[in-house]
Amino acid sequence: MKAKATKIKAAILCGMLGTAAVPAVSDGMDYSTVTDLLHLVMSSDRTVYTRMIVNRLAVEEGVIKASEHYMDEKALVLPAQMFRYGAEMVAEETDEFSYSLLSLWPINKQNAPTTDMEREGLEYIAANPGENFYGEEDLGGTTYFTAVYPDVAVAEACWACHNDHKDTPRSDFKAGDVMGGVVIRIPMD
Amino acid sequence: MSTRLLWIIWIAASLLLASAALARLYIGGDRTAFLPGDTHGVHHQIELACESCHISDSFASQATVRKDINKTCVTCHKEELKASDDSHPIKKFKNPRMAAYWELIDARFCTSCHMEHQPEITIAGLVTLPGDFCVACHSEGEQDVRVNRASHADLTFETCASAGCHNFHDNRALYEDFLVKHADAPWLAPSPVHAAQAMARTRPRPDGAEIAAYLAAVDAPERARDPLAEAHWAASAHAAAEVGCGGCHAPKAETPAQLAADWTDHPAEAVCTECHRPQAATFAEGRHGMRRHPELAPPRQADRMLGRLGLSDPPEALVAAVEAWIADPDLPGAMGTAEARIPMAAEAHGQSLTCATCHAPHEQDLAFAAAGACLTCHTDDHSAAYEGSPHHALWQAEMSGNAAPGSGVSCATCHLPKTERRGAVTTSHNQSDTLRPNEKMIRPVCMDCHGLAFAIDALADPALVANNFRGTPDRRIESIDWATSRVDRPDEGANQ
């Protein structure tokens, strides 16, 4: 009963998100539905943190800084770090899914694409605003369902920092630009 | 009797004898025979507690064994890695997007770089890869450091971690923005004082009336009275904190009769650790006290060993019989000078290391604990050069009242650093924590008095370390210059 209710709710959400169905997992949700839902949570939390914490306190009110070296500077964690620490915490708990925040124009070079599909997905979402990218790839002997979602500049804190940083490869970001992508993977084997 | 039967009996008896001999050796004997190769550094202290690291069930798959053994590294080194703000944490490499890197160096596992029992290929820090291991991941594509940093264009990879610039795990004092921020600090601060040390050494001392009151309250039974011990105790922090004789010599006693009955002349170390828990915990993380680490498997437990041999729930009688048979020795005791593999004073031979080795229980002479105690055992070049060194001169000046509290530099200042948190000062008793590599000392210790550039240079000069900093560094590590050349102003690039 519970499983059925979950599937119905998932179907409703799936419809709300306008997701096209991808090959179904037996008796469960589509991979793309799962990644869409995961991304919905991630992007919502990320936007809330960026707008209501960092942008409000660091940019608009100017009462505290946000810094990559937040411990040393007694500052707010950067939105990208907040996201990455969450992803690393998940990685410590489970192999059932993984996610990361990547970009074709990363300040930290670790966040550049490392697989062909990551690059393809990031290029696709940059060229097709508003669309997601879905695919399958083999990594380390396992097949993964890989979804790439656009990460859009939602607050001044995003583009101001990325445009000014000494290590940035791109300095013309503005509101609404796709600055990178959230990559979510689920092992299919 | 047929020849065939005799053969069977002979083979069976031989196998039985061999099994018994090996089991005897493994369970209760000298397990040194089983060591596949020498362990590195201080792991020799625990190398016979095999099951501390080898926790997998018999016949477990290779993947399981690898996972299990890597779990055990973290049980002891977890706090250190957490505090180091690890630059390459395992969790960073678990994401499947790193699969291509797993083929190069699988950083999901400690053992990819740190293999024990491999003395022939082990370099400093228990690293069992060639010293240019950074090349595996930082020499191609987006990660090519020679492209990302113009200053690195002509550098070779064996210098990354050996020249005082980078460490794989701990870069708290070496990261680029930190170098920029502290680039202009003078080699020595105008009034060099270690703040937490100063706080600890300005503790109010009891006056004559207070000491008299303490002495009047001595509650030791008559047969145990000792005027000298009492006089020392009355001037100590224990007296001021209302820890009387019974507190250590009969901690459970509540009445004078119980005190007399329970009294022990030589309280066990557990009495100290009952109150001094942070000190005990950090002591067990360092080289002096690692045999007390709570995660360390006590070796040679008969019931556990029988479980390993397939008897998961052995009857008590069998365990007792086996224990009686093997005369199982006690757990390895505290580390002692006889087992040390670094130079030790001949006079200290046979000394073991407990709280009382450095802290005379009544006197609480912290000056002795901070320097004199160390030098009673350690005679390596750095230790032997301490007396007469500039740091020692400062220590003497402070101890004689001619310099400000916290301005002296004892062994403990650097190796057992104090930290202040919410007004309380704690001394870390993990004397290895600011070493391995020695750049870990820069922030908690050196920078209280010295500029970052000087500290980096000094710690990268082995001869200067060996002579206990009598002189100036013989090299200039260029990392700060390179970092500052990439920015126009000190706060640029700090993502603020």
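The values are calculated or read from the model by the stated rules, or taken from the named source; none is laboratory data. As the structure is a computational prediction, the values presented were derived from the model and not from experiment. We place every Cβ from the backbone using ideal geometry, glycine too, and count neighbours over all the protein chains shown. Accessible surface areas use protein heavy atoms only, side chains included; no ligands, DNA or RNA. Shrake-Rupley method; radii C 1.70, N 1.55, O 1.52, S 1.80 Å.
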Go through the range B:333-359 and give me each residue that's β-branched (Val, Ile, Thr) and in a loop (DSSP other than H, G, I, E, B). B:342, B:354
Do the conditions hold for residue B:36, that is, is it more than 30 Å from residue B:137 (Cα to Cα), assigned by TED's automatic domain parsing to the domain that holds residue B:125 and either open to solvent by 80 Å² or more (accessible area, probe 1.4 Å) or not polar (S, T, N, Q) (or both)? yes
Any residue at all in the range B:4-15 that is modelled with pLDDT under 95, part of a helix (DSSP H, G or I), among the charged types (D, E, K, R) and out of contact with any Lys or Arg (no Cβ under 8 Å at 6 or more places or on another chain)? yes
Verdict on residue A:94 being among the hydroxyl-bearing types (Ser, Thr, Tyr) and free of Cβ contacts under 8 Å to residues at least 24 places away in the same chain: yes
Just to be sure I understand, how many residues within the range B:388-415 are of a type in the set (Gly, Ala, Ser), open to solvent by 40 Å² or more (accessible area, probe 1.4 Å) and not in a loop (DSSP other than H, G, I, E, B)? 1
Subset of the range B:139-159, residues under 18 Å from residue A:113 (Cβ atoms) and open to solvent by 40 Å² or more (accessible area, probe 1.4 Å), comes to B:140, B:141, B:142, B:147, B:148
Within the range B:360-387, residues touching a residue at least 40 places away in the same chain (Cβ under 8 Å) and part of a loop (DSSP other than H, G, I, E, B) come out as B:360, B:361, B:362, B:363, B:364, B:385, B:386
Going by what's in this entry, would residue B:63 be described as among the small types (Gly, Ala, Ser), over 30 Å from residue B:278 (Cβ atoms) and at pLDDT 90 or above? yes
Looking at the range B:244-260, which of its residues are open to solvent by 70 Å² or more (accessible area, probe 1.4 Å) and among the small types (Gly, Ala, Ser)? B:257
Lone qualifier among B:285, B:274, B:242 - being not β-branched (Val, Ile, Thr) and not in a loop (DSSP other than H, G, I, E, B): B:274
How many of the residues making up the range A:71-98 are open to solvent by less than 40 Å² (accessible area, probe 1.4 Å), facing another protein chain (nearest Cβ under 8 Å) and farther than 23 Å from residue B:178 by Cβ? 3
Scan the range A:137-188 residue by residue and report those that are within 21 Å of residue A:127 (Cα to Cα), open to solvent by 40 Å² or more (accessible area, probe 1.4 Å) and touching a residue at least 24 places away in the same chain (Cβ under 8 Å). A:152, A:154, A:162, A:169, A:170, A:176
With criteria (1) within 12 Å of chain A (Cβ to nearest Cβ); (2) closer than 27 Å to residue B:479 by Cα; (3) within 19 Å of the chain's Cα centre (by Cα), residue B:87 comes up short on (3)
Is it the case that the range B:119-142 has a residue that's touching a residue at least 12 places away in the same chain (Cβ under 8 Å), touching a Gly at 6+ places or on another chain (Cβ under 7 Å) and not aliphatic (A, V, I, L, M)? yes
Has the range B:5-23 got at least one residue that is touching a helix residue (DSSP H, G or I) at 6+ places or on another chain (Cβ under 9 Å) and either among the charged types (D, E, K, R) or in contact (Cβ under 8 Å) with a residue 60 or more places away in the chain (or both)? yes
Restricting the range B:94-136 to residues that are among the hydrophobic types (A, V, I, L, M, F, W, C), farther than 18 Å from residue B:39 by Cα and in contact with a Leu (Cβ under 6 Å, 6 or more places away or on another chain), the residue that is farthest from the other protein chains (Cβ to nearest Cβ): B:136
Those residues of the range A:53-70 that are part of a loop (DSSP other than H, G, I, E, B), at the interface with another protein chain (Cβ under 10 Å from one of its Cβ atoms) and not polar (S, T, N, Q) come to a total of 3
Odd one out for residue B:176, checked against (1) under 27 Å from the mean Cα position of the chain (by Cα); (2) closer than 30 Å to residue B:90 by Cα; (3) outside the structural domain of residue B:88 (by TED's automatic domain parsing): (1)
Residues of the range B:331-356 being under 17 Å from the mean Cα position of the chain (by Cα) and of a type outside the set (A, V, I, L, M), in sequence order, are B:333, B:336, B:337, B:339, B:341, B:352, B:354, B:355
Residues of the range B:262-271 satisfying the condition of being part of a helix (DSSP H, G or I) and open to solvent by 80 Å² or more (accessible area, probe 1.4 Å): none
Only unsatisfied item for residue A:121, checking (1) within 11 Å of chain B (Cβ to nearest Cβ); (2) of a type in the set (Gly, Ala, Ser); (3) touching a residue at least 24 places away in the same chain (Cβ under 8 Å), is (1)
Can you confirm whether the range B:119-131 contains a residue that is outside any helix (DSSP H, G or I), open to solvent by 50 Å² or more (accessible area, probe 1.4 Å) and of a type in the set (D, E, K, R)? no
Mind checking which helices (runs of 4 or more DSSP H) fall wholly inside the range B:26-116 and carry at least 3 residues that are touching a Cys at 6+ places or on another chain (Cβ under 6 Å)? B:62-83
Given (1) more than 13 Å from every other protein chain (Cβ to nearest Cβ); (2) touching a Pro at 6+ places or on another chain (Cβ under 9 Å), index of the condition residue B:185 fails: (2)
